[in-house]
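Participant: Below you will find the structure I want to go over with you.
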Amino acid sequence: MIDLRLLREDPDRVRASQRARGEDVALVDSLLSADERRRSSGVRFDELRAEQKQLGKRIPKASADEKAELLKRAEQLKADVKAADAERDAADAETQELLLRLGNLVHPDVPVGGEEDFATLETHGTIRDFSAEGFEPRDHLELGQILGAIDVERGAKVSGSRFYFLTGVGALLELALVNAAIAQATAAGFTPMLTPALVRPQSMAGTGFLGQASQDVYHLDKDDLYLVGTSEVPLAAYHMDEILDADRLPLRYAGFSPCFRREAGSHGKDTRGIFRVHQFDKVEMFSYVAPEDSQAEHQRLLEWEKQWLTSLELPFRVIDVATGDLGASAARKFDCEAWIPTQGKYRELTSTSDCTEFQSRRLSIRVRDGKQVKPLATLNGTLCAVPRTIVAILENHQQADGSVRVPEVLRPYLGGREVLAPVTR
(Lines give C-alpha, C1' and ligand atoms only; values in the text may rest on other atoms or scores of the structure.)
Protein backbone atom coordinates (compact mmCIF):
# COMPACT_ATOMS: atom_id res chain seq x y z
CA MET A 1 0.00 0.00 0.00
CA ILE A 2 1.05 3.60 -0.41
CA ASP A 3 1.87 6.03 2.40
CA LEU A 4 -1.31 7.77 3.63
CA ARG A 5 0.72 10.88 4.40
CA LEU A 6 1.76 11.08 0.74
CA LEU A 7 -1.89 10.72 -0.26
CA ARG A 8 -2.88 13.65 1.95
CA GLU A 9 0.02 15.87 0.86
CA ASP A 10 -0.11 15.16 -2.89
CA PRO A 11 -3.45 13.60 -3.90
CA ASP A 12 -3.04 14.81 -7.49
CA ARG A 13 0.02 12.57 -7.87
CA VAL A 14 -2.01 9.59 -6.71
CA ARG A 15 -4.89 10.52 -9.03
CA ALA A 16 -2.45 10.78 -11.96
CA SER A 17 -1.05 7.32 -11.13
CA GLN A 18 -4.53 5.80 -11.01
CA ARG A 19 -5.44 7.49 -14.29
CA ALA A 20 -2.27 6.21 -15.97
CA ARG A 21 -3.04 2.68 -14.79
CA GLY A 22 -6.56 2.91 -16.19
CA GLU A 23 -7.90 2.42 -12.67
CA ASP A 24 -10.66 4.20 -10.72
CA VAL A 25 -9.57 7.79 -9.97
CA ALA A 26 -12.60 8.34 -7.70
CA LEU A 27 -11.07 5.82 -5.31
CA VAL A 28 -8.56 8.51 -4.28
CA ASP A 29 -11.28 10.88 -3.10
CA SER A 30 -13.16 8.09 -1.33
CA LEU A 31 -9.96 7.20 0.48
CA LEU A 32 -9.24 10.81 1.44
CA SER A 33 -12.76 11.10 2.86
CA ALA A 34 -12.47 7.86 4.83
CA ASP A 35 -9.07 8.89 6.16
CA GLU A 36 -10.45 12.25 7.32
CA ARG A 37 -13.30 10.46 9.11
CA ARG A 38 -10.81 8.07 10.66
CA ARG A 39 -8.65 10.88 12.00
CA SER A 40 -11.51 13.09 13.21
CA SER A 41 -13.26 10.17 14.93
CA GLY A 42 -9.95 9.29 16.55
CA VAL A 43 -9.62 12.82 17.89
CA ARG A 44 -13.22 12.72 19.12
CA PHE A 45 -12.59 9.39 20.89
CA ASP A 46 -9.42 10.71 22.56
CA GLU A 47 -11.21 13.85 23.77
CA LEU A 48 -14.09 11.86 25.24
CA ARG A 49 -11.76 9.39 26.93
CA ALA A 50 -9.75 12.25 28.45
CA GLU A 51 -12.94 13.80 29.81
CA GLN A 52 -14.02 10.41 31.11
CA LYS A 53 -10.75 9.98 33.01
CA GLN A 54 -10.95 13.46 34.50
CA LEU A 55 -14.52 12.83 35.56
CA GLY A 56 -13.47 9.59 37.22
CA LYS A 57 -11.04 11.56 39.40
CA ARG A 58 -13.65 14.20 40.36
CA ILE A 59 -16.47 11.88 41.40
CA PRO A 60 -14.90 10.52 44.64
CA LYS A 61 -14.16 14.07 45.81
CA ALA A 62 -17.55 15.56 44.88
CA SER A 63 -20.29 16.54 47.29
CA ALA A 64 -23.45 14.49 47.40
CA ASP A 65 -25.42 16.96 45.27
CA GLU A 66 -22.61 17.35 42.73
CA LYS A 67 -21.91 13.60 42.61
CA ALA A 68 -25.38 12.80 41.28
CA GLU A 69 -24.86 15.19 38.36
CA LEU A 70 -21.37 13.84 37.68
CA LEU A 71 -22.60 10.24 37.69
CA LYS A 72 -25.28 11.19 35.20
CA ARG A 73 -22.61 12.76 32.98
CA ALA A 74 -20.42 9.65 33.42
CA GLU A 75 -23.21 7.44 32.08
CA GLN A 76 -23.61 9.68 29.04
CA LEU A 77 -19.83 9.73 28.48
CA LYS A 78 -19.70 5.96 28.64
CA ALA A 79 -22.24 5.75 25.81
CA ASP A 80 -20.48 8.49 23.83
CA VAL A 81 -17.07 6.82 24.18
CA LYS A 82 -18.50 3.51 23.02
CA ALA A 83 -20.11 5.17 19.99
CA ALA A 84 -16.92 7.10 19.15
CA ASP A 85 -14.88 3.92 19.44
CA ALA A 86 -17.21 2.13 17.02
CA GLU A 87 -17.12 5.08 14.62
CA ARG A 88 -13.33 5.17 14.75
CA ASP A 89 -13.06 1.41 14.10
CA ALA A 90 -15.52 1.59 11.19
CA ALA A 91 -13.67 4.51 9.59
CA ASP A 92 -10.33 2.77 10.09
CA ALA A 93 -11.66 -0.46 8.50
CA GLU A 94 -13.03 1.49 5.52
CA THR A 95 -9.74 3.34 5.12
CA GLN A 96 -7.75 0.10 5.15
CA GLU A 97 -10.13 -1.58 2.70
CA LEU A 98 -9.88 1.32 0.24
CA LEU A 99 -6.12 1.59 0.71
CA LEU A 100 -5.68 -2.07 -0.21
CA ARG A 101 -7.53 -1.43 -3.48
CA LEU A 102 -5.13 1.32 -4.53
CA GLY A 103 -2.24 0.34 -6.80
CA ASN A 104 1.36 1.42 -6.29
CA LEU A 105 2.41 4.83 -7.59
CA VAL A 106 3.84 4.40 -11.06
CA HIS A 107 7.34 5.68 -11.76
CA PRO A 108 7.25 8.93 -13.78
CA ASP A 109 9.34 7.42 -16.61
CA VAL A 110 6.94 4.52 -17.27
CA PRO A 111 5.26 4.85 -20.71
CA VAL A 112 1.55 5.58 -20.39
CA GLY A 113 -0.93 3.26 -22.07
CA GLY A 114 -2.01 -0.33 -22.46
CA GLU A 115 -0.32 -3.62 -23.27
CA GLU A 116 0.95 -2.50 -26.68
CA ASP A 117 2.24 0.89 -25.54
CA PHE A 118 5.52 -0.38 -24.08
CA ALA A 119 8.87 1.21 -24.95
CA THR A 120 11.62 -0.96 -26.42
CA LEU A 121 14.86 -0.25 -24.55
CA GLU A 122 17.33 -2.77 -26.02
CA THR A 123 17.62 -5.68 -28.43
CA HIS A 124 20.16 -8.50 -28.13
CA GLY A 125 21.28 -11.39 -30.29
CA THR A 126 20.63 -12.25 -33.93
CA ILE A 127 17.37 -13.65 -35.25
CA ARG A 128 18.06 -16.70 -37.42
CA ASP A 129 17.05 -16.67 -41.08
CA PHE A 130 15.72 -20.20 -41.46
CA SER A 131 14.86 -19.72 -45.13
CA ALA A 132 18.51 -18.91 -45.81
CA GLU A 133 19.41 -22.11 -43.97
CA GLY A 134 17.07 -24.03 -46.26
CA PHE A 135 14.36 -25.30 -43.93
CA GLU A 136 11.09 -24.29 -42.32
CA PRO A 137 11.32 -24.09 -38.51
CA ARG A 138 9.15 -26.46 -36.50
CA ASP A 139 7.25 -25.18 -33.49
CA HIS A 140 8.21 -26.26 -29.97
CA LEU A 141 5.44 -28.85 -29.65
CA GLU A 142 6.41 -30.67 -32.84
CA LEU A 143 10.06 -30.56 -31.77
CA GLY A 144 9.12 -31.75 -28.28
CA GLN A 145 7.30 -34.74 -29.77
CA ILE A 146 10.20 -35.56 -32.10
CA LEU A 147 12.58 -35.46 -29.13
CA GLY A 148 10.24 -37.41 -26.85
CA ALA A 149 10.33 -34.39 -24.54
CA ILE A 150 6.75 -33.07 -24.31
CA ASP A 151 3.45 -34.93 -23.97
CA VAL A 152 0.41 -32.65 -23.87
CA GLU A 153 -2.12 -35.30 -24.89
CA ARG A 154 -1.56 -37.36 -21.75
CA GLY A 155 -1.32 -34.14 -19.73
CA ALA A 156 -4.84 -33.27 -20.89
CA LYS A 157 -6.03 -36.84 -20.25
CA VAL A 158 -4.72 -36.81 -16.68
CA SER A 159 -5.38 -33.20 -15.64
CA GLY A 160 -7.20 -31.28 -18.38
CA SER A 161 -6.25 -28.59 -20.86
CA ARG A 162 -3.05 -26.56 -20.36
CA PHE A 163 -1.34 -29.39 -18.45
CA TYR A 164 1.56 -31.43 -19.79
CA PHE A 165 4.24 -34.00 -19.07
CA LEU A 166 7.94 -33.32 -19.65
CA THR A 167 9.46 -36.66 -20.53
CA GLY A 168 12.95 -37.97 -21.20
CA VAL A 169 15.21 -35.14 -22.33
CA GLY A 170 12.38 -32.71 -21.65
CA ALA A 171 12.53 -33.52 -17.93
CA LEU A 172 16.33 -33.42 -18.03
CA LEU A 173 16.23 -30.05 -19.80
CA GLU A 174 14.03 -28.61 -17.04
CA LEU A 175 16.41 -29.85 -14.34
CA ALA A 176 19.37 -28.47 -16.28
CA LEU A 177 17.73 -25.06 -16.59
CA VAL A 178 16.84 -24.94 -12.90
CA ASN A 179 20.33 -25.97 -11.80
CA ALA A 180 22.03 -23.52 -14.16
CA ALA A 181 19.75 -20.68 -13.07
CA ILE A 182 20.31 -21.38 -9.38
CA ALA A 183 24.07 -21.59 -10.03
CA GLN A 184 24.04 -18.13 -11.67
CA ALA A 185 21.93 -16.67 -8.86
CA THR A 186 24.14 -18.19 -6.16
CA ALA A 187 27.27 -16.84 -7.86
CA ALA A 188 25.62 -13.39 -7.81
CA GLY A 189 25.09 -13.62 -4.05
CA PHE A 190 21.50 -14.84 -3.83
CA THR A 191 20.53 -17.35 -1.13
CA PRO A 192 18.81 -20.36 -2.76
CA MET A 193 15.34 -21.06 -1.34
CA LEU A 194 12.80 -23.86 -1.81
CA THR A 195 9.52 -22.17 -0.94
CA PRO A 196 6.00 -23.30 0.05
CA ALA A 197 3.47 -23.56 -2.77
CA LEU A 198 0.56 -22.90 -0.39
CA VAL A 199 0.24 -19.63 1.55
CA ARG A 200 -2.20 -17.99 3.92
CA PRO A 201 -4.52 -15.18 2.77
CA GLN A 202 -2.45 -12.46 4.47
CA SER A 203 0.62 -13.54 2.50
CA MET A 204 -1.22 -13.47 -0.83
CA ALA A 205 -3.03 -10.20 -0.10
CA GLY A 206 0.07 -8.57 1.34
CA THR A 207 2.00 -9.22 -1.85
CA GLY A 208 -0.79 -7.67 -3.92
CA PHE A 209 -2.23 -10.73 -5.68
CA LEU A 210 -5.80 -10.63 -4.37
CA GLY A 211 -6.80 -7.50 -6.22
CA GLN A 212 -6.73 -7.27 -10.01
CA ALA A 213 -4.87 -10.62 -10.26
CA SER A 214 -7.29 -12.59 -8.06
CA GLN A 215 -9.04 -14.19 -11.04
CA ASP A 216 -5.85 -16.13 -11.79
CA VAL A 217 -5.35 -17.44 -8.26
CA TYR A 218 -6.29 -20.95 -7.10
CA HIS A 219 -7.93 -21.04 -3.65
CA LEU A 220 -8.44 -24.09 -1.44
CA ASP A 221 -11.69 -23.23 0.33
CA LYS A 222 -11.54 -26.01 2.91
CA ASP A 223 -8.12 -24.92 4.17
CA ASP A 224 -8.30 -21.21 3.28
CA LEU A 225 -4.94 -21.46 1.56
CA TYR A 226 -3.82 -20.17 -1.83
CA LEU A 227 -1.63 -21.87 -4.43
CA VAL A 228 1.09 -19.41 -5.40
CA GLY A 229 1.48 -18.18 -8.96
CA THR A 230 5.10 -17.26 -8.23
CA SER A 231 7.55 -17.76 -5.37
CA GLU A 232 7.55 -13.96 -5.12
CA VAL A 233 4.64 -14.45 -2.70
CA PRO A 234 6.35 -16.63 -0.06
CA LEU A 235 9.64 -14.77 -0.52
CA ALA A 236 7.92 -11.42 0.11
CA ALA A 237 6.09 -12.81 3.14
CA TYR A 238 9.22 -14.52 4.49
CA HIS A 239 10.05 -11.47 6.65
CA MET A 240 6.42 -10.49 7.33
CA ASP A 241 5.94 -8.65 10.67
CA GLU A 242 9.71 -8.30 11.15
CA ILE A 243 12.09 -5.40 11.68
CA LEU A 244 15.40 -5.95 9.88
CA ASP A 245 18.65 -4.23 10.74
CA ALA A 246 19.89 -1.91 8.00
CA ASP A 247 23.33 -3.55 7.93
CA ARG A 248 21.70 -6.80 6.71
CA LEU A 249 20.54 -5.17 3.49
CA PRO A 250 20.43 -5.96 0.69
CA LEU A 251 18.87 -9.38 1.28
CA ARG A 252 18.64 -11.41 -1.91
CA TYR A 253 16.85 -14.75 -2.31
CA ALA A 254 16.49 -17.06 -5.30
CA GLY A 255 13.34 -19.12 -4.89
CA PHE A 256 12.43 -22.27 -6.77
CA SER A 257 8.81 -23.39 -6.68
CA PRO A 258 5.94 -24.78 -8.67
CA CYS A 259 3.58 -22.04 -9.83
CA PHE A 260 -0.17 -22.29 -10.44
CA ARG A 261 -2.26 -19.92 -12.53
CA ARG A 262 -5.85 -20.17 -13.74
CA GLU A 263 -5.07 -18.10 -16.87
CA ALA A 264 -8.67 -16.95 -16.57
CA GLY A 265 -8.30 -14.10 -19.05
CA SER A 266 -6.44 -16.07 -21.72
CA HIS A 267 -9.17 -18.17 -23.33
CA GLY A 268 -8.09 -19.00 -26.88
CA LYS A 269 -4.55 -17.66 -26.36
CA ASP A 270 -1.48 -19.88 -26.75
CA THR A 271 -3.53 -23.07 -26.56
CA ARG A 272 -0.94 -25.10 -28.47
CA GLY A 273 1.96 -26.55 -26.54
CA ILE A 274 3.38 -25.38 -23.22
CA PHE A 275 3.73 -21.63 -23.57
CA ARG A 276 0.71 -20.74 -21.41
CA VAL A 277 -0.10 -23.42 -18.84
CA HIS A 278 -1.75 -23.84 -15.43
CA GLN A 279 1.27 -25.31 -13.64
CA PHE A 280 4.96 -24.68 -14.17
CA ASP A 281 8.24 -24.37 -12.29
CA LYS A 282 10.17 -21.16 -11.94
CA VAL A 283 13.33 -19.68 -10.43
CA GLU A 284 12.57 -16.22 -9.01
CA MET A 285 14.94 -13.56 -7.69
CA PHE A 286 13.75 -11.43 -4.78
CA SER A 287 15.45 -8.48 -3.10
CA TYR A 288 14.92 -6.48 0.09
CA VAL A 289 16.73 -3.13 -0.09
CA ALA A 290 16.65 0.36 1.40
CA PRO A 291 14.03 2.49 -0.43
CA GLU A 292 16.67 4.82 -1.87
CA ASP A 293 18.43 1.83 -3.47
CA SER A 294 15.42 0.30 -5.23
CA GLN A 295 15.97 1.81 -8.68
CA ALA A 296 19.62 0.71 -8.76
CA GLU A 297 18.60 -2.76 -7.59
CA HIS A 298 15.99 -2.88 -10.34
CA GLN A 299 18.71 -2.33 -12.93
CA ARG A 300 20.84 -5.03 -11.30
CA LEU A 301 18.00 -7.55 -11.49
CA LEU A 302 17.52 -6.68 -15.15
CA GLU A 303 21.24 -7.19 -15.82
CA TRP A 304 21.10 -10.66 -14.20
CA GLU A 305 18.12 -11.56 -16.41
CA LYS A 306 19.96 -10.35 -19.50
CA GLN A 307 23.03 -12.35 -18.45
CA TRP A 308 20.86 -15.46 -18.19
CA LEU A 309 19.17 -15.08 -21.58
CA THR A 310 22.49 -14.25 -23.23
CA SER A 311 24.02 -17.41 -21.74
CA LEU A 312 21.17 -19.39 -23.34
CA GLU A 313 22.13 -17.78 -26.68
CA LEU A 314 18.62 -16.46 -27.27
CA PRO A 315 17.73 -13.34 -29.27
CA PHE A 316 15.65 -11.05 -27.05
CA ARG A 317 14.56 -7.50 -26.39
CA VAL A 318 14.00 -5.50 -23.22
CA ILE A 319 10.82 -3.46 -22.87
CA ASP A 320 9.62 -0.87 -20.36
CA VAL A 321 6.09 -2.10 -19.61
CA ALA A 322 3.33 0.52 -19.96
CA THR A 323 1.29 1.77 -17.01
CA GLY A 324 -1.89 -0.11 -17.90
CA ASP A 325 -0.03 -3.43 -17.99
CA LEU A 326 1.67 -3.13 -14.61
CA GLY A 327 0.65 -5.35 -11.72
CA ALA A 328 -0.84 -3.56 -8.72
CA SER A 329 2.41 -3.83 -6.74
CA ALA A 330 4.82 -2.62 -9.41
CA ALA A 331 5.94 0.98 -9.74
CA ARG A 332 7.92 -0.04 -12.83
CA LYS A 333 8.48 -3.30 -14.69
CA PHE A 334 10.95 -4.40 -17.34
CA ASP A 335 10.24 -7.49 -19.45
CA CYS A 336 12.76 -9.51 -21.42
CA GLU A 337 11.06 -11.02 -24.44
CA ALA A 338 12.67 -13.80 -26.46
CA TRP A 339 12.14 -14.22 -30.20
CA ILE A 340 9.89 -17.19 -31.00
CA PRO A 341 10.56 -18.11 -34.65
CA THR A 342 7.27 -19.88 -35.48
CA GLN A 343 5.24 -17.03 -33.98
CA GLY A 344 7.36 -14.40 -35.70
CA LYS A 345 7.42 -12.18 -32.63
CA TYR A 346 8.98 -11.57 -29.25
CA ARG A 347 7.28 -13.15 -26.22
CA GLU A 348 7.84 -12.52 -22.51
CA LEU A 349 10.34 -14.86 -20.84
CA THR A 350 11.38 -12.86 -17.78
CA SER A 351 10.22 -9.74 -15.98
CA THR A 352 11.50 -7.67 -13.08
CA SER A 353 9.43 -5.27 -10.97
CA ASP A 354 10.33 -2.51 -8.53
CA CYS A 355 7.58 -2.61 -5.90
CA THR A 356 9.13 0.19 -3.82
CA GLU A 357 7.56 0.19 -0.30
CA PHE A 358 4.17 -1.10 -1.48
CA GLN A 359 4.51 -4.72 -0.35
CA SER A 360 6.53 -4.03 2.80
CA ARG A 361 3.82 -1.68 4.11
CA ARG A 362 1.13 -4.32 3.54
CA LEU A 363 3.27 -7.08 5.08
CA SER A 364 4.61 -4.91 7.93
CA ILE A 365 8.27 -5.41 7.03
CA ARG A 366 10.50 -2.60 8.25
CA VAL A 367 14.16 -1.71 8.54
CA ARG A 368 15.88 -0.21 11.58
CA ASP A 369 18.47 2.40 10.59
CA GLY A 370 19.90 3.88 13.76
CA LYS A 371 16.94 5.10 15.80
CA GLN A 372 14.65 5.25 12.75
CA VAL A 373 12.32 2.38 11.81
CA LYS A 374 10.76 2.63 8.36
CA PRO A 375 9.42 0.46 5.50
CA LEU A 376 11.93 -0.99 3.06
CA ALA A 377 11.67 -1.70 -0.67
CA THR A 378 11.03 -5.07 -2.31
CA LEU A 379 11.82 -6.13 -5.86
CA ASN A 380 11.34 -9.33 -7.84
CA GLY A 381 12.72 -10.72 -11.05
CA THR A 382 12.01 -13.93 -12.93
CA LEU A 383 15.22 -15.71 -13.81
CA CYS A 384 13.79 -18.83 -15.43
CA ALA A 385 10.13 -19.64 -16.09
CA VAL A 386 10.83 -23.18 -17.28
CA PRO A 387 8.20 -24.01 -19.95
CA ARG A 388 8.57 -20.74 -21.84
CA THR A 389 12.34 -21.03 -21.69
CA ILE A 390 12.12 -24.54 -23.12
CA VAL A 391 9.90 -23.18 -25.91
CA ALA A 392 12.50 -20.54 -26.78
CA ILE A 393 15.44 -22.98 -26.64
CA LEU A 394 13.79 -25.63 -28.80
CA GLU A 395 12.67 -23.20 -31.47
CA ASN A 396 15.78 -21.02 -31.64
CA HIS A 397 18.35 -23.85 -31.48
CA GLN A 398 16.59 -26.40 -33.69
CA GLN A 399 18.32 -28.02 -36.65
CA ALA A 400 16.94 -29.27 -39.94
CA ASP A 401 16.77 -32.91 -38.84
CA GLY A 402 14.64 -32.09 -35.77
CA SER A 403 17.52 -32.17 -33.31
CA VAL A 404 18.23 -29.23 -31.02
CA ARG A 405 21.64 -27.77 -30.20
CA VAL A 406 22.24 -27.38 -26.46
CA PRO A 407 23.58 -23.99 -25.31
CA GLU A 408 27.00 -24.36 -23.73
CA VAL A 409 25.84 -23.13 -20.31
CA LEU A 410 23.49 -26.12 -20.02
CA ARG A 411 25.83 -28.85 -21.23
CA PRO A 412 27.42 -29.59 -17.83
CA TYR A 413 23.93 -30.19 -16.45
CA LEU A 414 22.98 -32.51 -19.32
CA GLY A 415 25.85 -34.95 -19.03
CA GLY A 416 27.89 -33.07 -21.65
CA ARG A 417 25.22 -33.37 -24.37
CA GLU A 418 25.82 -30.95 -27.22
CA VAL A 419 22.66 -31.94 -29.08
CA LEU A 420 19.21 -33.24 -28.13
CA ALA A 421 18.60 -35.95 -30.70
CA PRO A 422 15.29 -37.19 -32.13
CA VAL A 423 13.90 -40.30 -30.46
CA THR A 424 13.84 -43.44 -32.57
CA ARG A 425 10.45 -45.07 -32.04
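Participant: Could you count how many residues in the stretch 156-170 are surrounded by 13 or more Cβ atoms within 10 Å (Cβ to Cβ) and either modelled with pLDDT under 95 or at negative phi (or both)?
Facilitator: Of the residues in the stretch 156-170, 10 are surrounded by 13 or more Cβ atoms within 10 Å (Cβ to Cβ) and either modelled with pLDDT under 95 or at negative phi (or both).
Participant: Does Pro234 satisfy being outside any helix (DSSP H, G or I) and either touching a residue at least 24 places away in the same chain (Cβ under 8 Å) or surrounded by 14 or more Cβ atoms within 10 Å (Cβ to Cβ) (or both)?
Facilitator: Criteria not met by Pro234.
Participant: To continue, here is another question. Only one residue in Arg362, Arg368, Arg347, Arg411 is touching a helix residue (DSSP H, G or I) at 6+ places or on another chain (Cβ under 6 Å) and basic (Lys, Arg), so which one is that? Break it down stepwise before answering.
Facilitator: On the way: Arg368 fails: touching a helix residue (DSSP H, G or I) at 6+ places or on another chain (Cβ under 6 Å); Arg347 fails: touching a helix residue (DSSP H, G or I) at 6+ places or on another chain (Cβ under 6 Å); Arg411 fails: touching a helix residue (DSSP H, G or I) at 6+ places or on another chain (Cβ under 6 Å).
Every option except Arg362 fails the conditions.
Participant: Can you find a residue that is more than 27 Å from the chain's Cα centre (by Cα) and among the aliphatic types (A, V, I, L, M) anywhere in the stretch 369-388?
Facilitator: no
Participant: When the residues of the stretch 99-136 are narrowed to those that are within 29 Å of Gln343 (Cβ to Cβ), in contact (Cβ under 8 Å) with a residue 12 or more places away in the chain and of a type in the set (Gly, Ala, Ser), which ends up surrounded by the fewest Cβ atoms within 10 Å (Cβ to Cβ)?
Facilitator: Within the stretch 99-136, the match that is surrounded by the fewest Cβ atoms within 10 Å (Cβ to Cβ) is Gly134.
Participant: Here's another thing I want to ask about it. Given the stretch 1-92, what helices (runs of 4 or more DSSP H) lie entirely inside it while holding 1 or more residues that are touching a Pro at 6+ places or on another chain (Cβ under 7 Å)? Talk me through it step by step, then tell me what you get.
Facilitator: Numbers: elements: 4-9, 11-21, 26-58.
Of the helices (runs of 4 or more DSSP H) lying wholly inside the stretch 1-92, those with at least 1 residues that are touching a Pro at 6+ places or on another chain (Cβ under 7 Å) span 26-58.
Participant: Can you find, within the stretch 213-231, the residue that is surrounded by the most Cβ atoms within 10 Å (Cβ to Cβ) among those that are under 22 Å from Met285 (Cβ atoms) and out of contact with any Pro (no Cβ under 8 Å at 6 or more places or on another chain)?
Facilitator: Ser231
Participant: If I filter the stretch 374-388 down to residues being at pLDDT 95 or above and out of contact with any helix residue (DSSP H, G or I) (no Cβ under 6 Å at 6 or more places or on another chain), which single residue comes out as nearest to Arg252 (Cα to Cα)?
Facilitator: Thr382
Participant: I've got another one for you. Scanning the stretch 274-298 for residues that are touching a helix residue (DSSP H, G or I) at 6+ places or on another chain (Cβ under 9 Å) and among the acidic types (Asp, Glu), which turns out farthest from Ala377 (Cα to Cα)?
Facilitator: Per the stated criteria, the residue is Asp281.
Participant: Checking the condition of a type outside the set (S, T, N, Q), touching a strand residue (DSSP E or B) at 6+ places or on another chain (Cβ under 8 Å), under 30 Å from Val112 (Cα atoms) and surrounded by 20 or more Cβ atoms within 10 Å (Cβ to Cβ), which residue from Leu379, Leu363 passes?
Facilitator: Just one listed residue meets the conditions, Leu379.
Residue by residue, here is whether (1) in contact (Cβ under 8 Å) with a residue 12 or more places away in the chain; (2) surrounded by fewer than 18 Cβ atoms within 10 Å (Cβ to Cβ); (3) of a type outside the set (Val, Ile, Thr); (4) assigned to a loop (DSSP other than H, G, I, E, B) holds:
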{"site": "Ser203", "(1), (2), (3), (4)": "yes, no, yes, no"}
{"site": "Gly206", "(1), (2), (3), (4)": "yes, no, yes, no"}
{"site": "Phe256", "(1), (2), (3), (4)": "yes, no, yes, no"}
{"site": "Lys269", "(1), (2), (3), (4)": "no, yes, yes, yes"}
{"site": "Val277", "(1), (2), (3), (4)": "yes, no, no, yes"}
{"site": "Lys282", "(1), (2), (3), (4)": "yes, no, yes, no"}
{"site": "Met285", "(1), (2), (3), (4)": "yes, no, yes, no"}
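Participant: Report every pair of residues separated by at least 6 positions or lying on different chains whose Cβ atoms are under 7 Å apart, first residue within the stretch 144-167 and touching a residue at least 40 places away in the same chain (Cβ under 8 Å), second among the aromatic types (Phe, Trp, Tyr).
Facilitator: Ile150/Tyr164; Val152/Tyr164
Participant: When the stretch 189-228 is examined, which residues are found to be within 18 Å of Phe256 (Cβ to Cβ) and touching a helix residue (DSSP H, G or I) at 6+ places or on another chain (Cβ under 6 Å)?
Facilitator: Correct list: Pro192, Thr195, Pro196, Val199, Ser203, Thr207.
Participant: On to the next question. When you scan the stretch 162-175, do you find a residue that is of a type in the set (Gly, Ala, Ser) and farther than 15 Å from Val386 by Cα, even just one?
Facilitator: As a first pass, look at the stretch 162-175 and keep what is of a type in the set (Gly, Ala, Ser): 168, 170-171.
Filter once more, so that each one left must be farther than 15 Å from Val386 by Cα: 168.
Among the residues of the stretch 162-175, at least one is of a type in the set (Gly, Ala, Ser) and farther than 15 Å from Val386 by Cα, which makes the answer yes.
Participant: Working only within the stretch 35-70, note down all residues that are surrounded by 13 or more Cβ atoms within 10 Å (Cβ to Cβ) and over 30 Å from Pro11 (Cα atoms).
Facilitator: Within the stretch 35-70, Leu48, Arg49, Glu51, Gln52, Leu55, Arg58, Ile59, Ala62, Lys67, Leu70 qualify.
Participant: Considering only the stretch 412-425, how many residues are within 12 Å of Val169 (Cα to Cα) and part of a loop (DSSP other than H, G, I, E, B)?
Facilitator: To start, the set of residues in the stretch 412-425 that are within 12 Å of Val169 (Cα to Cα) comprises 413-415, 417, 419-423.
Add one more test, that the residue is part of a loop (DSSP other than H, G, I, E, B), and what stays is 415, 417, 421-423.
Result for the stretch 412-425: 5.
The values are calculated or read from the model by the stated rules, or taken from the named source; none is laboratory data. Since this is a predicted model, take the numbers as computed values, not measurements. Backbone-built Cβ (ideal geometry, glycine too); neighbour counts: all protein chains shown.
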